[in-house]
Amino acid sequence: MREKTSYKPGLDGVIASETQLSYLDVEAEEIVLRGYDLIELAKSRQYLDLVQLLLQGELPDQQERSTLEQQLKKEYDLPDNFFALFHKLPKQTHPMDALRTGISALAGYEQDLNGRSEEQIKQIALSLLAKIPNIVANSYHILYDEKVIAPRQELSYSENFLHMITGKKPTATEAAYFDQSLMVYSEHEMPNSTFTARVIASTNSDIYGALTGAVASLKGNLHGGANEAVMHMLLEGKTTDGFRHLLYEKLKKKEKVMGFGHRVYMKKMDPRALLMKEALRELAAVKNRNDLMEMCEAGEQLMKEEKGLYPNLDYYAAPVYYLLGIPIDLYTPIFFAARTLGLCAHVSEQYANNKLFRPRVLYTGPRGLHP
Ligand SMILES: CC(C)(COP(=O)(O)OP(=O)(O)OC[C@H]1O[C@@H](n2cnc3c(N)ncnc32)[C@H](O)[C@@H]1OP(=O)(O)O)[C@@H](O)C(=O)NCCC(=O)NCCS
């Protein structure tokens with residue numbers, strides 16, 4: 001006899017999986033990543049270190065990091081004529097949809113789509129981590145009739161990603177904050193997109209399909225799409241007073257304010273948001289945009305007073321990306337590019353210890369009808 005469990009709308013608080021990858025310890029205010037604190041890692045390490053940590057289980061030394069970077073660099077290029085795909089898309093295609101199409105198409109080039117060993121999945125993960133920044137940046141350029149920007153081997157992984165987006169070699173400060181943003185976006189336990197990827201992988205479907213589904217999940221503004229929505233709000237508000245007015249209006253109309261609230265961090269600030277807030281403070285000072293910092297802090301204060309809600313990562317990542325000169329339509333694709341790491345690690349873990357996801361329902365429809 002199977003145990004009956006109670007219904008939790010949105011699976012709120014339900015444990016869906018075992019994992020060795022990450023855990024949100026809200027009480028301790030720690031995001032645990034294979035035993036380390038993500039915030040400590042983000043302050044002292046680089047995105048590529050997290051790649052090795054999540055895919056291989058250990059932090060690399062300098063030599064190992066450089067070997068990993070070389071491996072990724074060899075995989076930057078997309079298959080011949082791959083960009084033709086994006087030229088065929090309607091110009092109004094959202095970059096997240098272009099990204100979804102691109103990842104889906106990569107499956108057709110995979111030599112062993114049925115490979116499920118840890119080593120095979122790791123190789124595909126590295127290939128995706130190398131290629132997805134190229135797809136993100138250049139599908140956008142193609143949709144906007146701009147020139148494709150080829151990856152540059154002499155730049156670091158994150159410098160190259162930012163360069164492919166903006167066309168400029170970033171300063172050391174810009175590259176460091178961009179890399180830090182990739183780290184805080186890299187993995188976060190069981191959000192909707194990770195759950196989606198694991199659900200798909202649990203049917204023994206391939207990793208490209210799992211990630212394609214995850215892009216669709218992450219696009220929604222209750223999830224990754226929130227960072228773009230935040231920036232549109234800040235721009236619409238224009239000034240601190242204008243922004244406060246806009247937020248009051250939204251609350252009056254009972255609209256959700258993007259960038260606030262979180263299923264897990266209900267009454268506390270997302271530790272990742274705190275880190276990006278500090279990044280914004282420093283970037284705003286360097287770029288003479290303290291007004292943007294002031295606006296964000298005013299919004300944070302207002303939401304705390306009016307609703308008892310705290311900013312999530314997207315609230316502070318959005319203005320950081322703005323000051324890095326990144327087009328708004330790319331904020332969510334960049335979030336996905338960073339999260340590719342966590343998603344691949346989760347898919348690999350799912351394959352290694354699989355149980356098909358197949359929940360039940362609480363039926364509320366009629367019974368006993370006859371045709
Ligand atoms: C993230 C989110 C979906 C979590 O939602 P959840 O756990 O399902 O909680 P709910 O949406 O049911 O919200 C609970 C209550 O708080 C309110 N609330 C939550 N987030 C809110 C927000 N951003 N703005 C205004 N009210 C909010 C809800 O209206 C609801 O109030 P009610 O009980 O009076 O109806 C939600 O906070 C949200 O929509 N935030 C904005 C989108 C966002 O920033 N997403 C990125 C997440 S990292």
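The values are calculated or read from the model by the stated rules, or taken from the named source; none is laboratory data. Please read all numbers here as calculations on a predicted model, not as lab measurements. Positions of Cβ are generated from backbone atoms using ideal geometry, with glycine treated the same way; all protein chains shown enter the neighbour counts. Keep in mind that these areas ignore ligands, DNA and RNA; they rest on the heavy atoms of the full protein, side chains included. Shrake-Rupley method; radii C 1.70, N 1.55, O 1.52, S 1.80 Å.
The listed peptides 157-167, 116-126, 83-93, 226-236, ordered by packing as a protection proxy, come out as 157-167, 226-236, 116-126, 83-93 (highest mean of other Cβ atoms within 10 Å first). Of interest is the spacing of the C-alpha centroids, which for region 336-371 and region 17-73 amounts to 26 Å.
How big is the Kirkwood radius of the chain, worked out from every pair of different alpha carbons and given in Å to one decimal? Intermediate values should be presented prior to the final figure.
Details: mean 1/r = 0.0465 Å⁻¹.
After inverting the pairwise mean of 1/r, the radius is 21.5 Å.
Remark: relative contact order (the chain) = 22 percent; criterion is Cα-Cα distance under 8 angstrom and separation of 6 or more residues.
Greater than 26 Å separation of Cα atoms is the criterion. Which listed pairs, Lys131/Lys169; Lys238/Lys287; Lys122/Lys268; Lys91/Lys131; Lys88/Lys169; Lys88/Lys238, meet it? Check vs 26 Å cut-off fails for Lys122/Lys268; Lys88/Lys169; Lys88/Lys238.
Taking the accessible area of region 226-323, probe 1.4 Å, and keeping the other protein chains in place, the carbon and sulfur fraction comes to 50%.
Take peptides 204-210, 75-81 and line them up by average Cβ neighbours within 10 Å, highest first, as a rough protection proxy.
Values: 204-210: 19.9, 75-81: 13.3.
Packing proxy ranking, top to bottom: 204-210, 75-81.
Could you report the chain's accessible area per residue, 1.4 Å probe, as an integer in Å²? Working shown, then result.
Working: 18500 Å² over 371 residues.
Dividing the accessible area of the chain by its residue count gives 50 Å².
Give me the distance between the Cα centres of region 138-199 and region 200-214, rounded to whole Å. One Cα centre to the other: 22 Å.
For the pair Asn290 and Ala352, label points projected 7 Å from Cα toward Cβ lie 4.9 nm apart.
Please give the charge dipole size of the chain, origin at the Cα centre, charges +1 on K and R Cβ atoms and -1 on D and E Cβ atoms. Round to the nearest 20 debye.
Dipole magnitude for the chain comes out near 1340 debye.
Modelled this way, with points 7 Å down the Cα-to-C-beta line, the labels at His370 and Lys88 are 5.3 nm from one another. In terms of its C-alpha gyration tensor, region 226-323 has an oblate overall shape, because the principal axis ratio a/c (a ≥ b ≥ c, square roots of the eigenvalues) is not below 1.5 and a/b does not outweigh b/c. Judged by the mean number of other Cβ atoms found within 10 Å, the most tightly packed of the peptides 278-288, 248-258 leads the ranking 278-288, 248-258. Along the axis of the charge dipole computed for the chain (Cβ charges of +1 for Lys and Arg, -1 for Asp and Glu, origin at the Cα centre), the listed residues Val14, Tyr36, Pro60 are led at the positive end by Val14.
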